[in-house]
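For reference, the structure discussed in these notes is given below.
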């Protein structure tokens with residue numbers, strides 16, 4: 001129980017990677033503040049799963065794509081629990097579309113929902129951590145898209161690349177307060193969003209092509225988040241941890257490279 005007695009705020013925690021992080025943190029003893037979007041239908045169901053693990057769980061609806069929503073979430077959270085020890089910052093928005101056809105409005109929303117929202121929430125939580133004397137863990141959920149130029153995902157990739165750099169910059173400022181700041185880069189993870197984008201046949205076929213013969217699971221990311229949130233990672237800060245089952249290098253496998261002369 002590496003996180004026993006800790007309070008963890010997970011934004012976008014009602015489903016997918018966020019829920020995977022919340023569950024794994026709870027399994028290691030953390031009490032959870034689960035953020036869901038206003039009117040979301042998944043928050044209470046996820047909370048019940050967490051409570052069945054014997055943990056305290058509060059669902060706080062707020063739109064973390066806005067500064068006011070982040071302020072509302074931080075303020076409401078601190079009326080529910082005494083402090084925030086861990087922040088898993090997991091907001092994202094990234095509809096695919098070609099560069100030539102992408103609307104300026106969609107681009108702005110992608111940058112705002114994926115990058116700016118991370119700034120707003122982490123600043124508010126970091127201020128709280130500093131005011132109560134320092135120490136804490138902030139983990140951003142990034143993406144391998146931050147490194148890989150993927151067609152039809154230019155805005156999302158740019159936002160995640162910016163998130164990685166912001167994380168590193170934040171880490172050098174907050175280290176004096178003993179606040180560890182890191183990021184996780186998931187690869188292709190089996191989430192509801194992927195099933196809404198691709199057919200079941202495509203997901204099955206593409207998963208079998210990956211080096212580990214499957215897509216990642218939200219729990220894979222959750223276990224990495226738990227590690228970075230625990231005392232085991234006290235000497236790790238300013239780091240991007242890639243959890244992708246070698247997705248980035250799938251085309252570098254021996255079977256996919258030209259054969260050399262014998």
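Just a few scattered comments:
- Enumeration of residues in segment 103-115 that are surrounded by 14 or more Cβ atoms within 10 Å (Cβ to Cβ), more than 15 Å from residue 67 (Cα to Cα) and out of contact with any helix residue (DSSP H, G or I) (no Cβ under 6 Å at 6 or more places or on another chain): 106
- Residue in segment 84-102 that is more than 27 Å from residue 143 (Cα to Cα), surrounded by fewer than 20 Cβ atoms within 10 Å (Cβ to Cβ) and at pLDDT 95 or above present: no
- Test: residue in segment 17-31 that is without any contact (Cβ under 8 Å) to a residue 12 or more places away in the chain, farther than 18 Å from residue 76 by Cβ, over 17 Å from the mean Cα position of the chain (by Cα) and outside any helix (DSSP H, G or I): no
Each row is one residue, and each column tells you yes or no for (1) free of Cβ contacts under 8 Å to residues at least 40 places away in the same chain; (2) more than 19 Å from the chain's Cα centre (by Cα).
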position	(1), (2)
160	no, no
167	no, no
172	no, yes
202	yes, yes
211	no, yes
218	no, no
243	no, no
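- All of 124, 106 fail the test of being under 13 Å from residue 11 (Cβ atoms), in contact (Cβ under 8 Å) with a residue 40 or more places away in the chain and in a helix (DSSP H, G or I), apart from 124.
- Selection status of residue 44, under 21 Å from residue 74 (Cα atoms) and surrounded by fewer than 16 Cβ atoms within 10 Å (Cβ to Cβ): yes
- Each residue in segment 1-17 was checked for being under 26 Å from residue 132 (Cα atoms) and in contact with a strand residue (DSSP E or B) (Cβ under 9 Å, 6 or more places away or on another chain), and 10 of them qualify.
- Test: residue in segment 50-59 that is assigned to a helix (DSSP H, G or I), buried (at least 23 other Cβ atoms within 10 Å of the Cβ) and at pLDDT 95 or above: yes
- Of all the listed residues (12, 20), the sole one being at positive phi and crowded, with 21+ Cβ neighbours inside 10 Å is 12.
- Residue that is surrounded by the fewest Cβ atoms within 10 Å (Cβ to Cβ) [pool: residues in segment 226-247 that are assigned to a helix (DSSP H, G or I) and in contact with a strand residue (DSSP E or B) (Cβ under 7 Å, 6 or more places away or on another chain)]: 233
- Every listed requirement among (1) at pLDDT 95 or above; (2) more than 30 Å from residue 108 (Cβ to Cβ); (3) out of contact with any helix residue (DSSP H, G or I) (no Cβ under 7 Å at 6 or more places or on another chain); (4) surrounded by 14 or more Cβ atoms within 10 Å (Cβ to Cβ) is met by residue 176 save one, (4).
- Whenever a residue of segment 128-150 is on the phi > 0 side of the Ramachandran plot and surrounded by fewer than 16 Cβ atoms within 10 Å (Cβ to Cβ), its partners that are part of a helix (DSSP H, G or I) and modelled with pLDDT of 95 or more, lying with C-beta atoms within less than 9 angstrom and at least six residues away or across chains, give the pairs 133/177; 134/174; 134/176; 134/177; 135/129; 135/177.
- Scanning segment 171-225 for residues that are assigned to a loop (DSSP other than H, G, I, E, B) and under 21 Å from residue 3 (Cα atoms) yields one hit, 178.
- Residue match in segment 74-82 (condition: surrounded by fewer than 23 Cβ atoms within 10 Å (Cβ to Cβ), part of a loop (DSSP other than H, G, I, E, B) and more than 18 Å from the chain's Cα centre (by Cα)): yes
- Of 93, 119, 99, all but one fail to be part of a helix (DSSP H, G or I) and touching a helix residue (DSSP H, G or I) at 6+ places or on another chain (Cβ under 8 Å); the exception is 119.
The values are calculated or read from the model by the stated rules, or taken from the named source; none is laboratory data. Owing to the predicted nature of the structure, the values given are computational and were not obtained by experimental measurement. Cβ: placed from backbone, ideal geometry, glycine included. Neighbour counts: every protein chain shown.
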